[in-house]
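See below for the structure under consideration.
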Amino acid sequence: MSSPYQTRRRIEFRDTDAAGIMHFSAFFTYMEQAEHEMLRSVGLSVMQPDGESTIGWPRVSATCDYKSAVRFEDIIDIAVSILHLGSKSVRYRHEFRVADRLVAVGEITVVCCRIDARHQIASIEIPAATRERLARHTV
Ligand SMILES: CC(C)(COP(=O)(O)OP(=O)(O)OC[C@H]1O[C@@H](n2cnc3c(N)ncnc32)[C@H](O)[C@@H]1OP(=O)(O)O)[C@@H](O)C(=O)NCCC(=O)NCCSC(=O)c1cc(O)c2ccccc2c1O
């Protein structure tokens, strides 16, 4: 049975703005960190060595809807789920909650790529073993 990956952060001072609320850009950092953490939790890495090269996940789309302000030292719960596990791409949904109040929803699409020693990237099909692990959080 698949379910979202859950993680939690306390809002850092550097992530807030002059209005005292979490800056819009910080949500993207939290989404990226939560995704990388989710990958580690299923035994993967966002930079997975594969022979002479590395399998990584460049982003092709990123959005976030902001519903309610988040403040310094708030505890934020982040639920990461996979909305679409494609041939080469993965679309993540991130739901941010403070004390059960939905404060933001973000989506990020990443593409499975082979990254060579010269940092050239080329998309590849998601390997079967990786797909199997990601399926644990596909809703
Ligand atoms: C990534 C690309 C090389 C892919 O180009 P390509 O032409 O091979 O891709 P396709 O068009 O065939 O599509 C493959 C697959 O992706 C879906 N897709 C493509 N574009 C979009 C889109 N805009 N929105 C949604 N989906 C899209 C498409 O439908 C296909 O899906 P299937 O599942 O059906 O196969 C090329 O696009 C490229 O080079 N783009 C630029 C990437 C970039 O510079 N991004 C900005 C920064 S990346 C970044 O910040 C980053 C963060 C990390 O955390 C990383 C972690 C690990 C490694 C790298 C990281 C990283 O770079």
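The values are calculated or read from the model by the stated rules, or taken from the named source; none is laboratory data. Everything numeric in this text was worked out from a predicted model, so none of it was measured. As a convention, Cβ positions derive from the backbone with ideal geometry for all residues, glycine included, and neighbour counts pool all protein chains shown. Side chains are part of the model used for accessible areas, which takes the heavy atoms of the whole protein and leaves out ligands, DNA and RNA. Shrake-Rupley method; radii C 1.70, N 1.55, O 1.52, S 1.80 Å.
Okay, here's what the table says:
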{"quantity": "Single residue of the stretch 47-64 satisfying the filter (surrounded by 12 or more Cβ atoms within 10 Å (Cβ to Cβ) and under 21 Å from D15 (Cβ atoms)) that is nearest to the ligand (Cβ to nearest atom)", "calculated": "R59"}
{"quantity": "Condition check for I108: in contact with a strand residue (DSSP E or B) (Cβ under 7 Å, 6 or more places away or on another chain), under 17 Å from T54 (Cβ atoms) and either open to solvent by 50 Å² or more (accessible area, probe 1.4 Å) or not small (G, A, S) (or both)", "calculated": "no"}
{"quantity": "Boolean, R131 is open to solvent by less than 80 Å² (accessible area, probe 1.4 Å) and not hydroxyl-bearing (S, T, Y)", "calculated": "yes"}
{"quantity": "Unmet criterion (only one of (1) part of a strand (DSSP E or B); (2) loosely packed, with under 12 Cβ neighbours inside 10 Å; (3) of a type in the set (A, V, I, L, M)) for I76", "calculated": "(2)"}
{"quantity": "Every residue from the stretch 82-113 that is farther than 15 Å from M31 by Cα and either among the acidic types (D, E) or within 12 Å of the ligand (Cβ to nearest atom) (or both)", "calculated": "H84, L85, G86, S87, K88, S89, D100, V111, C112, C113"}
{"quantity": "Pairs, first within 19 Å of M38 (Cα to Cα) and in contact (Cβ under 8 Å) with a residue 12 or more places away in the chain in the stretch 60-82, second open to solvent by 50 Å² or more (accessible area, probe 1.4 Å) and among the aliphatic types (A, V, I, L, M), C-beta under 8 Å, six or more apart", "calculated": "I75/A99; S81/V139; I82/V139"}
